[in-house]
1. Tell me whether region 1-105 comes out rounded, prolate or oblate; compute the Cα gyration tensor, take square roots of the eigenvalues as a ≥ b ≥ c, and use a/c under 1.5 as the rounded threshold.
2. Please state the shape class of region 2-323: rounded when a/c is under 1.5, otherwise prolate if a/b exceeds b/c and oblate if not, all from the C-alpha gyration tensor.
3. What is the fewest-to-most order of Leu113, Leu247, Leu56 by other Cβ atoms lying within 10 Å of their Cβ?
4. Sort Thr141, Thr156, Thr180 so that the residue with the fewest other Cβ atoms within 10 Å of its own Cβ comes first and the one with the most comes last.
5. Which one of Leu6, Ala39, Gly148 has its Cα pushed farthest toward the positive end of the charge dipole of the chain, where Lys and Arg give +1 and Asp and Glu give -1 at the Cβ?
6. Between 0 and 90 degrees, rounded to the nearest ten: what's the tilt of helix 14-27 against the longest Cα principal axis of the chain?
7. Roughly what angle does helix 132-158 make with the longest principal axis of the chain, taking Cα atoms, 0 to 90 degrees, to the nearest 10?
8. Please list, ordered by chain and number, the residues whose modelled amide H lies under 5 Å from the amide H of Arg96; skip anything fewer than 5 residues away on the same chain.
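We did not get these values from a lab; they are worked out from the coordinates using the rules stated. Quantities reported herein were computed from a predicted structural model and do not represent experimental measurements. Every residue, glycine as well, gets a Cβ built from its backbone with ideal geometry; the counts of neighbours run over all protein chains shown.
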Amino acid sequence: MIKRELSEISLPIKKELDNFNELFRKSMNSKVGWVDLIAKYILRQKGKKIRPLLVLLSAKVAGGVNERTYRGAVLVELLHTATLVHDDVVDNADKRRGFWSINAIFKNKAAVLMGDYLLSRGLLIAVEGKDFDFLGVITNTVKRMSEGELLQIQKTRKLDIDEETYFQVISDKTASLLETCCQIGALSASDNCLYHEAMRNFGENIGIAFQIRDDVLDYEGSSSLIGKPVGGDIKEKKITLPLIYSLNQVSKSQADDIRKIIRNGAKKDRIREVMDFVRIHKGIDYALEQAHHYSLQAKDALKVFPDSQSKLALEAFVDFVIDRKN
């Protein structure tokens, strides 16, 4: 269902996505046999390519796809892939998209080094293409993603995350990369600063909406877009917006009781108790309202662009993010 919807959204750039896939495959080539082996294993996993899709659509709506656009799309997808490989090491994860993770097969040291290789390949492609504006954007993104992840780890230990901190975390950890995709796409296609800022705003807002919706799916869906089991955030002691809002609706003692369940490592029946608590206190409804607010902000950012199939596709992507059920 998800892949079909994304396939429909990507129709205006179908040929460009095919070109990207070939360039991305070549970008991971190495003369070192083991690196090449791991790269081929990564390519077998066939991710949804949401980030290059956004780069290409952002370029097309701002002026047109060109060689710089492809380099930008490869850069962000290499960065994204590197973070997934590193995340699996940090989380000690065994699976990724239904496949065994890199660290499960090749062990942690190889996985960390492979992530480093992918990031360096992306940066090198930008340097060789003299895309120094891309480098300025992407290095700031890496910094923000790292800070967001570390802030979440810090708050997870104390279970004291508030709404302001939550938005800071998801802005840095998730939205920053989608923001970067859209900004790089516009940078590659146009010198119009108004277009650059509009696509940056679009990416930031859709990134925040994306993460809120993903956090809601942890309470109501069969699985989220990134493949987490329902209740996974509770099990991992991550307090997200539906729970933050719900905790603010009850007395301190009630909130402390819920935090205690999470702190002690909630089992299946206790996870259900926390999920019911969130439903009763309208945490899901509130989070969905916030996601809808950011989705409207994202669509509003597109008003500066002339009407086109690519603009319609970006608006459809916003609806996809908000409406998805798994």
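1. Prolate, since a/c reaches 1.5 and a/b exceeds b/c.
2. Working: a/c = 2.01, a/b = 1.35, b/c = 1.49.
Verdict is oblate for region 2-323.
3. Numbers: Leu113 15, Leu247 22, Leu56 30.
Result, fewest neighbours first: Leu113, Leu247, Leu56.
4. Thr156, Thr141, Thr180
5. Farthest towards the positive end: Ala39.
6. The angle comes out at about 90 degrees.
7. 10
8. Amide H neighbours of Arg96, under 5 Å, 5+ apart: Ser101.
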